[in-house]
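The values are calculated or read from the model by the stated rules, or taken from the named source; none is laboratory data. All of these numbers come straight from a predicted model, not from anything done at the bench. Positions of Cβ are backbone-derived with ideal geometry, glycine not excepted, and every protein chain shown enters the neighbour counts.
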Amino acid sequence: MLSALFSRQREQHPLVLSVADIILDAALGGNFRTVYDTYIKHYPLSESYHRTELKRNPAYRKFVQSVATDPRIRKRDLFTFLSRPVTRLPRLKLVLEQILKLTDKDHNHPDLDTLPMILGILGDLIKATQPGIEAAESKVKLWALCESLTFQRGEMIDMDLSNESRTLVFSGPLTRLSRSDSGWSSHVMDLTGCLLDNFFLLTRDEKRNGTIRRHLVSRPLPLSYLRLGPFDAPAETRKEKPEDGRLLDKFRSSTVTVYPFTIYHASSRSSRRYTFYVASERIRKQWWSAFVDAIGVHKARQEGNMWFYQRLLTDRFFRVMGLHVPYGSKISLSGRVRSAVSFESGGKKFIAVGCQDGIYISAWGIEEYRRVFTYPNPIDMTAIQSVGPKTYNKFIVHVEAGLLAFSLDLVAQVALGQVQLWNVLMASMERVVRHDTAVVFFKNLHIGERELIMYASKRRLQASLDLHVVEVSHSSALSPQQISNPPPRNSFRAFGETGYIPRDAFDISPLSKTVGICAKDGIVIVDPLNLTSSKHLIVPDLREAATDPQIFLLKTRLEGARPLGLVPVPGDSQEKDKEILVIFDLVGCYITRKGIPCRSAGFIRWETSATSFVLRGSHVFLFSPQFIEIRDITTGVIVQVIEGADIRLLHASPDILVAMRGSKDDKDGTSEKIVQLTETSALPAATPIAAVPSVWDEWDM
């Protein structure tokens, strides 16, 4: 464009008739708009990079100072040169508006038609760049926030700030206060609220040596858990004493009008409830709009990019007593769902559900459950099918204090309606343990080529629990003739000698070759193949707490925490499973395979108090009565949150089966919903539709 303008000047000097056609050609053709749009949107980022390098890069700062005396620069700094293209379009627009104003209206000058067209194009382009500039400025503010954040010592907080999609939605000053009996503000905190697209941060800003440090005064609040309280409370007045002034001013006060609003954490409504005060109703409305928009966008992103989805298996069959059931009603209810397991037999898939009324079984995907066993409130169930070439064909139930085993094929046949086989099924029952053994908990283990049942039992007046291992002998599936008359078998035999674990132990957490016994004071690592001679290692190993401040801080955090289990952290090919994540009900920490805390003895605090967990791939599920929190096992980043009511983990392998309160609530009771958590897969890229030749030829398209 500049070359064409000089050429026009040489041709028509001294009286240039028009330049509008040249500017119009430049605005409509080439990459005129693209170049300006790209530059203007990136200008805030460039300026931020320049400021950052001046502060932290001595060599860069020295170079900038050395070229400042160059006469070609004319004593201008780099900020001036970076900003000049940003103002180029508005300045060009002002020049053209002045030309149009001075153009003679009586002689039909061609610029009278061309200039309005150019001004419209430039005006649209300037408006189109504004959102990009705002987004870039928001990105710069986010960078500044990330660089200035100061976290509390010991806690590992990963908010995925390096993600390219991260944005700073809104920020501004907030005040929290508490009142004394006299009416004076006994404690006023001037804070800064920063609303990101995934977290809300509350910081206390401190200026030191020209830099700002932002100290987190509260743990970041994920938008998945953020809930809005009242934003329409009446304005309040607060008395403030001036900090600076004359001597008598210290005894005077000024009245300030403030406008409150409240937000809270959905899983900690009482302990993490925040009431803030702002200076005007307009600012309070801005915060309301920012919260509503950010939560809405975050929810839409979560629903559109779920790592795991809930596949509904049943929401009408299982019922518990509800508020709408008539008083004195004698309806038959299945009761609360307590356990479940999925299995296959005869090429079909089944699901067994244990509840207050017994054990119901149905073909997978069909809500036609049949009560196969009348054992009330089964504690746990498992199905041992095929492991490699070996078939075990066992359905094991932990009921009351015993472990009972049945033929999986017979269980499936009875579930399909072969009622006459029920007596055969009960006659084939095997006891995994002796009838006088009180089983506390058990777990099915697969170690090497062995299929094992590990269980803990208690005896009266004994200070510890007995730990036993039973090996399951493999067998083939029953033939049609054997189903009605199965051969007698002894499928379980004791393996090794009895071990001893703390009496307060409550669960078993399997690893690849060892297992962790969860107890009140920690997790005891034992070798299931050699219980008596294996060294009992308690993890995490906190013996260095007396000399290591980081481990001492971790030990303080773990006091009173309930251990839930262990999960190996996937590593690369050279460091496979080098770390282990120890999961407690409130926190998690990483340890080496020797039990020593690693990652500077840091810990991750869950957003909800977990009652159980599941490892699936590279994600760990934390279950609580209201939420399922899914985190990346390596970084601890929250990737998804599932909300419900009365959530219970029923079984973890091969399917993750979860029970929660259902959607039916009528005279027949409140339904119990069972869902399967299934990992999603990426949608394939859409195949572009090929244009059909000659169809649009007559329309010149």
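Only helices (runs of 4 or more DSSP H) wholly contained in the range 1-71 count here; list those with 1 or more residues that are without any contact (Cβ under 8 Å) to a residue 24 or more places away in the chain and of a type in the set (Ser, Thr, Tyr). Result: 2-12, 32-56, 58-66. Selection of the range 327-366 for residues being under 33 Å from the mean Cα position of the chain (by Cα), part of a strand (DSSP E or B) and under 23 Å from SER612 (Cα atoms) yields VAL337, ARG338, SER339, ALA340, VAL341, SER342, PHE343, ILE351, ALA352, VAL353, GLY354, CYS355.
Does at least one position in the range 478-491 carry a residue that is of a type outside the set (Ser, Thr, Tyr), at pLDDT below 95 and within 23 Å of SER653 (Cα to Cα)?
The answer is no, given that none of the residues of the range 478-491 is of a type outside the set (Ser, Thr, Tyr), at pLDDT below 95 and within 23 Å of SER653 (Cα to Cα).
Of the set (1) part of a helix (DSSP H, G or I); (2) among the polar types (S, T, N, Q); (3) without any contact (Cβ under 8 Å) to a residue 12 or more places away in the chain, all apply to SER162 but (1). Kindly indicate whether any position in the range 274-281 is at pLDDT below 90 and in the same structural domain as SER224 (by TED's automatic domain parsing). Scanning the range 274-281 turns up no residue that is at pLDDT below 90 and in the same structural domain as SER224 (by TED's automatic domain parsing).
For the range 372-392, residues that are more than 38 Å from the chain's Cα centre (by Cα), modelled with pLDDT under 90 and not hydroxyl-bearing (Ser, Thr, Tyr) total 2. The lone criterion from (1) surrounded by fewer than 14 Cβ atoms within 10 Å (Cβ to Cβ); (2) without any contact (Cβ under 8 Å) to a residue 24 or more places away in the chain; (3) part of a strand (DSSP E or B) left unmet by ARG273 is number (2). Filtering the range 400-415 to residues that are outside any helix (DSSP H, G or I) and under 24 Å from GLN356 (Cβ atoms) leaves GLU400, ALA401, GLY402, LEU403, LEU404, ALA405, PHE406. Just one of the listed residues (LEU174, LEU115) is touching a residue at least 12 places away in the same chain (Cβ under 8 Å), surrounded by 17 or more Cβ atoms within 10 Å (Cβ to Cβ) and touching a helix residue (DSSP H, G or I) at 6+ places or on another chain (Cβ under 6 Å), and it is LEU115. Here SER342 passes the criteria (1) exposed (fewer than 15 other Cβ atoms within 10 Å of the Cβ); (2) under 30 Å from ILE379 (Cβ atoms); (3) modelled with pLDDT of 95 or more except the one numbered (1). Give the residues of the range 314-336 that are among the β-branched types (Val, Ile, Thr) and at positive phi, sorted by residue number. Scanning the range 314-336 gives no hits.
If we scan the range 493-506, do we find a residue that is outside the structural domain of ILE453 (by TED's automatic domain parsing), under 27 Å from the mean Cα position of the chain (by Cα), buried (at least 18 other Cβ atoms within 10 Å of the Cβ) and not charged (D, E, K, R)? There is no residue in the range 493-506 that is outside the structural domain of ILE453 (by TED's automatic domain parsing), under 27 Å from the mean Cα position of the chain (by Cα), buried (at least 18 other Cβ atoms within 10 Å of the Cβ) and not charged (D, E, K, R). Taking (1) outside any helix (DSSP H, G or I); (2) surrounded by 13 or more Cβ atoms within 10 Å (Cβ to Cβ); (3) in the same structural domain as LEU92 (by TED's automatic domain parsing); (4) not aromatic (Phe, Trp, Tyr) in turn, VAL169 satisfies each apart from (3).
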